[in-house]
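Asks: I have a structure I would like to understand better, so I am pasting it below and will then ask my questions one at a time.
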Amino acid sequence: MALYSYLRVSTKHQKVERQLTNVIAAYPDLAEHQERIYKDRFTGTTTDRPNWNKLYKIVVSHARSEEYKEHDRIVFDEVSRMARNAAEGFALYKELFLLGVDLEFLKEHHIDTDSYRKAMQGIINVQVATGDESADKMINTIMGAINEFILNKVEQDIYRAFEQAEHEVNLLHDRIHEGMRDAKARGARIGTPKGTKLTTKKSKAAKEIILKHNKAFGGTLTDKETWTLARICKTSYYKYKQELQAEMQKKEAS
């Protein structure tokens, strides 16, 4: 079995460590194969999930290859990590299931593809042939209806799991927006105040290079040569340069 895992967090500021810990606790071998763990840091409503797209292409190509003999399994910490909404999640689940890819959800094992497969194997596959055409038709119709009912029930359970995950994400977003509205109503400042300067290690290092090497500050390098040396974009360069010039003017004035 070829084992993979997919982890996703809602913002670039969140960490995947909790999900990673849970997955490795269930499958310790993955700790030695980090290349099989795919991570994205995007919101649940973002359509672009580059690492999921990579993993999806890998398992689909394996499933369609006659040479590939292994059986792929993707492990998720929970169902909400797989898709943006219930409709997409359920469609993706069925597509991968029909291709033979196993899906496992550590917090919702009841909807693992293994469980779905067992339910399908439990379908009553009996065709009655008593010689009485009317009786055979009636009994086989009843058996077919029972089979359809069982399969629909299982699919409903899977869909509800994705639906519940989507509902919880929406509730979280609503709580965040309500909290922001309440804070704003109380006069609290939301977000970074206009004009606030954010200092990072990268910006500090870039400014030191500008001060030391740019012609505007007594150095020998042109603007383009300076932002190339500092490994920053043109926009950031002029922003930092303007800030440095303003700081120098302020010092001179005082």
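Asks: So which of Lys215/Lys239; Lys15/Lys184; Lys207/Lys241; Lys204/Lys234; Lys224/Lys251; Lys202/Lys239 end up more than 18 Å apart by C-alpha?
Replies: Lys15/Lys184; Lys224/Lys251
Asks: Additional query: Over region 18-100, what relative contact order in percent results from Cα pairs under 8 Å that are six or more residues apart?
Replies: 30 percent
Asks: Starting from the 7 Å offset along Cα-to-Cβ, what nm value, one decimal, do you get for the label separation of Thr235 and Asn85?
Replies: 3.0 nm
Asks: 5 Å is the cut-off here: which amide hydrogens, built 1.01 Å from N in the peptide plane, fall below it relative to Leu7, excluding neighbours closer than 5 in sequence?
Replies: Amide H to amide H, under 5 Å and 5 or more residues apart or across chains, Leu7 pairs with Tyr38, Lys39, Asp40.
Asks: Output ³J(HN,Hα) for region 14-19: one whole-Hz value per residue in order, computed from phi by the Karplus curve 6.51 cos²θ - 1.76 cosθ + 1.60 with θ = phi - 60°, and x for Gly and Pro.
Replies: 7, 10, 9, 4, 4, 4
Every number in this text was worked out from the coordinates using simple rules, so none of it is lab data. Only a predicted model underlies this, so the values are computations on that prediction, with no experimental measurement involved. Note: ideal-geometry Cβ built from the backbone for every residue, glycine included; neighbour counts use all protein chains shown.
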